[in-house]
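For reference, the structure is listed below as structure tokens.
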Amino acid sequence: MSRKVLVPHITKVELPEARQAIPHVHAYLRERILDGTLRPGTKLSQVSLAEQLGVSRTPLREVLRMLQEEGLVQIEPNQRTRVSVLDPRELDEIYASRVVLESLAVGMTVGNFDADARQQAAEQLAAMRAAAEAGETERWFVLHSAFHRTLTCGAGDTMQKQLRQLADRCVRYIRIYQGGEPNSWHKAGDREHAQILSALEEGNKAVAQARMASHLAHTALKVLSDTSPDYQPTAVPLATAMVGSAD
């Protein structure tokens, strides 16, 4: 009999009811990958993982599919699964895509950024600051995602879906940024967020787009510098140049 290979640091997920297995297991495994508990390259045996989590393999397969769409796991043709390795070229290209698409969406929002959206964005920004100061990382991420969607609320559903998918694939890289600067990671982003919001409130399309591009590029280039110092970014600088400067 072959020896069962357990997945390290994985425990049973307490489910309120069986039909809620997918969202709860997805949230649990996603966080274990993002916080580094499941390190890049870790093999994930579906048999062992299902048993350890206390779920059947059917919902687990759907969870792994969702994590694959987020770029967090790789499922090979033989159904062997492992945590995705950090890929500098992937980061470069994902952030370049965000630079172009999210800058476009910000431009589409100028002229449609009404009083309700302004108030909502201001409240989200204030809540992000409070969460960062309190060290509430998970709350900050929820607010951060909502804030970016408010800044791009002029875009339609199709573009919003693309923006969310790209943003989800960036979370693990932002976590690296946070880990490298535990006491100051939020300060540059906070300043840049406020600048984008200000440009939107002023109705300055070119500046709003350029500031969004600069904000996203800053994060990408910082993480690339920290994690892959020998990698020469190409996609992010090209995308940023396409959007233009705020000067």
For Ser84, solvent-accessible area (1.4 Å; no DNA, RNA or ligand), Å²: 10
Prolate/oblate/rounded label for the range 80-185 (Cα gyration tensor, a/c 1.5): oblate
Surface accessible to a 1.4 Å probe, Lys187 within the full protein complex, Å²: 120
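Would you mind classifying the range 27-110 by shape? Square roots of the alpha carbon gyration tensor eigenvalues, ordered a ≥ b ≥ c; an a/c under 1.5 is rounded, otherwise it is prolate if a/b is larger than b/c and oblate if not.
Prolate.
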Of the DSSP H helices in the chain, those whose Cα atoms cover at least 24 Å axially and whose Kyte score averages -1.0 or more: 88-109, 115-134, 157-180, 185-202, 205-227
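At 0.36 nm per residue, and after removing the present C-alpha to C-alpha distance, how many nm does the segment from Leu6 to Glu133 gain when stretched out fully?
Separation in residues times 0.36 nm, less the Cα-Cα distance, equals 42.0 nm.
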Carbon plus sulfur fraction of accessible area for the range 182-226, probe 1.4 Å, in percent: 43
Accessible area per residue, Å², the chain with all protein chains present, probe 1.4 Å: 52
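Using a 1.4 Å probe on the protein chains only, how many percent of the accessible area of the range 1-114 belongs to carbon and sulfur? Numbers along the way, then the final one.
Details: 3200 of 6130 Å².
Of the solvent-accessible surface of the range 1-114, carbon and sulfur hold 52 percent.
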Relative packing of 164-171, 131-138, which averages over residues the other C-beta atoms within 10 Å, highest first: 164-171, 131-138
Dimensions in Å of the chain - Rg and Dmax from alpha carbons: 19.5, 69
Whichever lysines have a C-alpha closer than 23 Å to that of Lys12, once near sequence neighbours (fewer than 8 apart) are set aside: Lys4, Lys43
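The values are calculated or read from the model by the stated rules, or taken from the named source; none is laboratory data. Owing to the predicted nature of the structure, the values given are computational and were not obtained by experimental measurement. Neighbour counts are summed over all protein chains in view; Cβ atoms, including those assigned to glycine, are modelled from backbone coordinates with ideal geometry. The accessibility values were calculated without ligands, DNA or RNA, using every heavy atom of the protein model including side chains. Shrake-Rupley method; radii C 1.70, N 1.55, O 1.52, S 1.80 Å.
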